[in-house]
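Everything below concerns the one structure shown next.
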Amino acid sequence: MKYYKVAVDAPLLSPLTYCSEDVLSRGQSITVPLGKRLAAGIVLCEDTSPPTEHTIKPITTVESEYSTLS
């Protein structure tokens, strides 16, 4: 399991951490759970020290039709 910092399409001050079995690249477009809805997100980097005080949710989908942002 890998952990990633994700910029989520929501008014947040910092990135959120999500997990995935897949190896993802910086700039990949993804969909993640946010509250009771799904939100678009962009992978910022791998999170080598994920927070342990919260349950880390899995990335829902990896958008393959869009190219990686660089």
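Scanning region 3-18 for residues that are over 19 Å from Glu53 (Cβ atoms) and in a loop (DSSP other than H, G, I, E, B) returns Asp9, Ala10, Pro11. When every residue of region 24-38 is checked against the conditions, at least one turns out to be among the polar types (S, T, N, Q) and assigned to a loop (DSSP other than H, G, I, E, B). Filtering region 51-64 to residues that are touching a Ser or Thr at 6+ places or on another chain (Cβ under 8 Å) and within 16 Å of Leu24 (Cα to Cα) leaves Pro58, Ile59, Thr60, Thr61, Val62, Glu63.
Residue-wise test of (1) at pLDDT 95 or above; (2) open to solvent by 50 Å² or more (accessible area, probe 1.4 Å).
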position	(1), (2)
Ser20	yes, no
Thr31	yes, no
Gly35	no, yes
Gly41	yes, no
Leu44	yes, yes
Pro50	no, no
Lys57	yes, yes
Ser64	no, yes
Ser70	no, yes
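Pairs are defined by a Cβ separation below 8 Å, a sequence spacing of at least 6 or placement on different chains, a first member in region 1-14 that is of a type in the set (A, V, I, L, M, F, W, C), and a second member that is part of a loop (DSSP other than H, G, I, E, B); the pairs so defined are Met1/Glu21; Val6/Pro15; Val6/Ile59; Ala7/Pro15; Val8/Pro15.
The values are calculated or read from the model by the stated rules, or taken from the named source; none is laboratory data. Values in this document were obtained by computation on a predicted structure and should not be read as measured data. No Cβ is skipped: glycine too gets one built from the backbone with ideal geometry, and neighbour counts run over all protein chains shown. Just the protein is used for accessible areas: all its heavy atoms, side chains included, with ligands, DNA and RNA removed. Shrake-Rupley method; radii C 1.70, N 1.55, O 1.52, S 1.80 Å.
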